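The values are calculated or read from the model by the stated rules, or taken from the named source; none is laboratory data. Being a predicted model, the structure only gives us computed values, none of them experimental. Cβ placement follows ideal geometry from the backbone for every residue including glycine, while neighbour counts extend to all protein chains displayed. Side chains included, ligands, DNA and RNA excluded: accessible areas come from the protein's heavy atoms. Shrake-Rupley method; radii C 1.70, N 1.55, O 1.52, S 1.80 Å.
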Amino acid sequence: VTLADVDVDGIKDVAEIRSHLQEVYDEVVEVRFGKERLALRPQLVDFQIDVDQMVMEAGQFLHGTDFIDIAIRYGLGFGQRRRAVPVRFTLNQKKLRAWLEQVAAEHNSTPQAPHALTPADRWSEGSQSAVEIPPSFVGAYTRDWTWVVGSSGYTLDLEASLPRVIDALTRPDQRQVDLVLDETKPPAPSMLDLSAVLSDTLSNFPGFATVYVRDLTTDEEATVDVDVAFSGMSTMKIGIAAAIMRKLPHGISADDETAQQVGQWLDYALGESNNYAANQLLAFLGDGNISTGTSYFTQVMQELGYTSTYMQSGYDSNVQLAQISTPGNQQTVWDTNPDSNLQSTPREMGEILSDIYDCTQGKGHLLEVFPNDITSDECSQILYYMTHDEFQELAWAGLPKFKQQWIVHKHGFAFETHSDVALVWGPTGPYVISIFLYRKNWMDWGTSNGTMHVEYLCL
């Protein structure tokens, strides 16, 4: 015979039975709140085994058919059937509820938002990840920078947990119980979070650093000082390509000799940063005249609403013209000593590439402004030529697996300024990223390259 799942066979004295059962059922119950381990002593909730009731119920086996079955088996030498009396108990449910309420008050948690874990943080925690450094890299490399995605919050479901705890109190062994918890997932990192992380990351840059990020699925943006004028550099060639497609009647068509020549210039200008080819494109925009071509380019940018993007000369000009006043070069945040002949802002360069991508999807600003002059196929041709820029430093090398992943980008260099404007695909996105860095007198390669890696890792 078992009483409350405890074998009391051979114990005939009620006092002995009571002592034996109380010893078993006075053991602490381990209550688990997630990873937390809590001890519940049965006495705290007035839990008591009702031994007298169970002994009385066991007396039924001395009468009637049960007794006859026992006697026959004993007489014939057969094994006895196991007979069980279920656990009988009392407890103070108000006290148990109060104990669980206290547990909830002490252990309920709210979701923790994602945050940045810097290389310094990782070193302080004694955790360093394997670093894959490009063979040609020069500078301070910090690939250990990463996001911590946040943690869920947990709230005790008291009503659902109550019967579980009672069940654990009434078991002679395996006296553990997992409380029922309602999980609240952490919020995904937002563009606002990203802006804050980027701003903090760039605060120690020895000059002026800006970044523009746009989620092309949601059109959400993360920005740091993106409306400041910079030298246009080779990144301006993205805008030149958009103006070219407006000028060409049918894009780079196979049966058009002139278009094929323009396509070759685009290939050199976007894929190899060839300034001579870029000037040939400007001459094409101006029907043979570079100066007229720069005016055409500027007019296209203005029609698209880009008021801080302009060109007054081709690349490598020996004539420095007076600066045209724009919102970008009239702001007071920072003076990046921009080239007065060709200027833009990180935001506008990012938006131009965003427009080109949207156009490839048959939507967006370019098609709205120039519905009869630009097609989605022409925009796809721009991205095709941009894929020939295979320079795998700057932003590209910031990819988690830069040797296996691909981006579409255009980088640019001037003596005080470096930039990279990229279209990136990942688990989400795609995204457009526009990074511009300025350092007075000279932008050294190590500082520029290392900073762009970190900025990209933030993304």
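For the reader, a short list of remarks on this structure follows.
- Taking the accessible area of segment 165-258, probe 1.4 Å, and keeping the other protein chains in place, the carbon and sulfur fraction comes to 44%.
- Calculated FRET efficiency for the pair ALA254/ASP373, C-beta based, R₀ 30 Å, to 0.05: 0.90
- When you count the other C-beta atoms within 10 angstrom of each residue and take the mean per peptide, 22-28, 51-57, 193-199 line up highest first as 193-199, 51-57, 22-28.
- The long axis of helix 376-386 is offset from the longest Cα principal axis of the chain by roughly 90 degrees.
- Applied to segment 149-157, the Karplus parametrisation 6.51 cos²θ - 1.76 cosθ + 1.60 on θ = phi - 60° returns per-residue 3J(HN,Hα) values of 6, x, 9, 6, x, 10, 10, 5, 8 Hz, with x for Gly and Pro.
- Simple label model, 7 Å out from Cα along Cβ direction - LYS401 to ASP444, nm: 3.5
- Tilt relative to the chain, helix 14-25 - C-alpha long axis, 0 to 90 degrees, to 10: 10
- Shown for segment 1-40: the carbon plus sulfur share of the solvent-accessible area, taken with all protein chains present and a 1.4 angstrom probe, equals 42%.
- Efficiency of FRET between SER19 and ASP182 - r from beta-carbon atoms, R0 45 angstrom, step 0.05: 0.60
- Over all other residues within a Cβ to Cβ distance under 14 Å of PRO86, the charged ones net out to 0, with Lys and Arg as +1 and Asp and Glu as -1.
- Debye log10 I(q)/I(0) at q = 0.12, 0.18 Å⁻¹ for segment 170-282, Cα point scatterers: -0.71, -0.99
- Spin-label pair GLU106-VAL333: with each label point 7 Å from Cα along the Cα-Cβ axis, the two points sit 5.0 nm from one another.
- Simple spin-label estimate for GLU57 and SER152 in nanometres, 7 Å along Cα-Cβ: 3.7
- Label-zone membership for segment 5-42, site ALA84, 7 angstrom Cα→C-beta point, backbone N under 16 Å: 5-9
- Degrees between helix 191-202 axis and first principal axis of the chain (Cα, 0 to 90, nearest 10): 70
- Legend: calculated FRET efficiency, GLN361 to MET191, from the Cβ-Cβ distance at R0 = 25 Å, rounded to 0.05, equals 0.75.
- Simple point charges give the picture: +1 on the Cβ of Lys and Arg, -1 on the Cβ of Asp and Glu, and for the chain a dipole about the Cα centre of about 1020 debye.
- Contour minus Cα-Cα distance for ALA113 and VAL319 (0.36 nm per residue): 68.9 nm
- Derived scalar couplings ³J(HN,Hα) [segment 208-218; Karplus, 6.51 cos²θ - 1.76 cosθ + 1.60; whole Hz; x for Gly, Pro]: 10, 10, 9, 8, 10, 10, 9, 7, 6, 8, 10
- Counting heavy atoms of the protein chains alone, THR2 has an accessible area of about 10 Å² for a 1.4 Å probe.
- Each part reduced to its alpha carbon centroid, segment 341-363 and segment 40-56 end up 75 Å apart.
- Pairwise centroid distance, computed over Cα atoms, of segment 394-421 with segment 217-244, Å: 14
- Helical mean residue ellipticity (222 nm; -39500 (n - 2.57) per DSSP H run of 4+; nearest 500) of the chain: -12000 deg cm²/dmol
- Accessible surface computed residue by residue for segment 317-430, with neighbouring protein chains in place and a 1.4 Å probe, gives 44 Å² per residue.
- Which label in [x] -0.47, -0.61; [y] -0.33, -0.58; [z] -0.26, -0.47 gives the computed log10 I(q)/I(0) by the Debye sum over Cα atoms at q = 0.06, 0.08 Å⁻¹: [x]
- Rounded to whole Å, sorted largest first: equivalent-ellipsoid semi-axes of segment 1-98, Cα gyration tensor: 34, 14, 11
- Accessible area, probe 1.4 Å, largest first, for residues HIS107, HIS115, HIS250, HIS418: HIS250, HIS115, HIS107, HIS418
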